Amino acid sequence: MIQSNRMLDCEGLACPLPVVKTKKAIEEMNAGEVLEVRATDKGSVADLQSWANRTGHQYIGLKEEGGIYRHFLRKSSESETKPETKHPHVISNEKLSLKLKDGGNFKVLDVREPAEYSFNRIPGAISIPMGELEKKLDTLPKDAEYLVVCRTGTRSDLACQLLSERGYSKVINVVPGMSAWEGPMERDE
């Protein structure tokens with residue numbers, strides 16, 4: 001049994017709230033202490049691992065019990081942490097909508113979970129959930145331009161950083177993403 005110093009309840013919360021609340025809780029803890037985050041959002045699995053990796057905190061592991069994801073993170077010392085960064089290339093929903101109308105040689109990459117994608121998505125968007133992105137990089141040509149979308153722009157920011165680190169040079173984060181998308185949409189019937 002993993003012992004934690006603090007438990008954070010994020011059940012029922014969707015991206016980006018589990019990461020936002022985790023960040024605040026970690027800031028209030030001492031180096032070496034362990035935080036248990038309980039979440040029901042499947043996206044939290046990729047989101048919290050990615051956040052910990054980007055900031056230098058240790059993602060110890062995950063236990064899934066009855067639809068509740070129990071994440072365990074250890075706060076790193078100040079010398080081990082890294083400043084949080086954002087992907088520098090961003091486009092608004094409105095500008096993406098205009099690009100879609102004008103056409104062009106780019107791909108919309110949707111990194112939300114399959115259930116989110118099936119209920120509303122940008123027509124023609126490629127679905128690769130954030131948690132599967134690293135394993136599926138070989139399916140994405142490196143010379144293509146990718147406009148990456150999620151629900152709020154947080155998960156897509158993480159995806160953009162991952163793609164950039166792996167040599168993709170034309171990667172743009174769509175902000176705020178599907179939570180405020182007013183352009184054309186399709187859904188599974």
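FYI, it's all coordinate maths here, none of it is from the lab. Because the structure is a prediction, the values reported are computed rather than measured. Cβ atoms come from the backbone with ideal geometry, glycine included; neighbour counts cover every protein chain shown.
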Could you calculate the contour length gain from residue 120 to residue 27, that is, 0.36 nm times the residue separation minus the distance between their Cα atoms, to one decimal place in nm?
30.0 nm
Take the chain, connect every pair of alpha-carbon atoms lying under 10 Å apart with a spring to form a Gaussian network, then pick out the residue of 124, 61, 104 with the largest mean-square fluctuation.
104
Just the C-alpha atoms of the range 128-189: what Rg/Rh do they give, with Rh taken as the Kirkwood radius?
0.99
Collect residues whose amide H, placed 1.01 Å from N in the peptide plane, falls under 5 Å from the amide H of residue 6; neighbours closer than 5 in sequence don't count.
34, 36
Classify the range 19-125: rounded, prolate or oblate, from the alpha-carbon gyration tensor (a ≥ b ≥ c, eigenvalue square roots; a/c under 1.5 rounded; otherwise prolate if a/b is larger than b/c)?
oblate
Starting at the first residue of the range 68-83, write each ³J(HN,Hα) from the Karplus equation 6.51 cos²θ - 1.76 cosθ + 1.60 with θ = phi - 60°, in whole Hz, x for Gly and Pro.
10, 8, 9, 9, 10, 10, 10, 6, 7, 6, 4, 6, 8, 7, 10, x
So what is the relative contact order for the range 72-189, in percent, with contacts set as C-alpha pairs under 8 Å and at least six apart?
33
May I ask you to give the average projected area over all directions of the convex hull of the Cα atoms of the chain, in nm² rounded to one decimal?
11.5
Helix-only CD estimate at 222 nm, as mean residue ellipticity for the chain, using -39500 (n - 2.57) per DSSP H run (n ≥ 4):
-8500 deg cm²/dmol
In sequence order, calculated HN-Hα J values of the range 22-30 (Karplus, 6.51, -1.76, 1.60; Hz; x Gly/Pro):
5, 4, 5, 5, 4, 4, 8, 9, 8
Cβ neighbours within 10 Å, averaged per peptide: list 156-162, 116-122 in order, most packed at the top.
156-162, 116-122
Note, the range 144-158: 3J(HN,Hα) by Karplus (6.51, -1.76, 1.60, θ = phi - 60°), whole Hz, Gly/Pro = x, goes 7, 9, 10, 9, 9, 10, 9, 6, 10, x, 7, 5, 5, 4, 4
Run the numbers for residue 107 and residue 81: contour at 0.36 nm per residue of separation, minus the present Cα-Cα distance, in nm.
6.0 nm
Neighbourhood net charge (14 Å Cβ-Cβ; Lys/Arg +1, Asp/Glu -1) for residue 18
+2
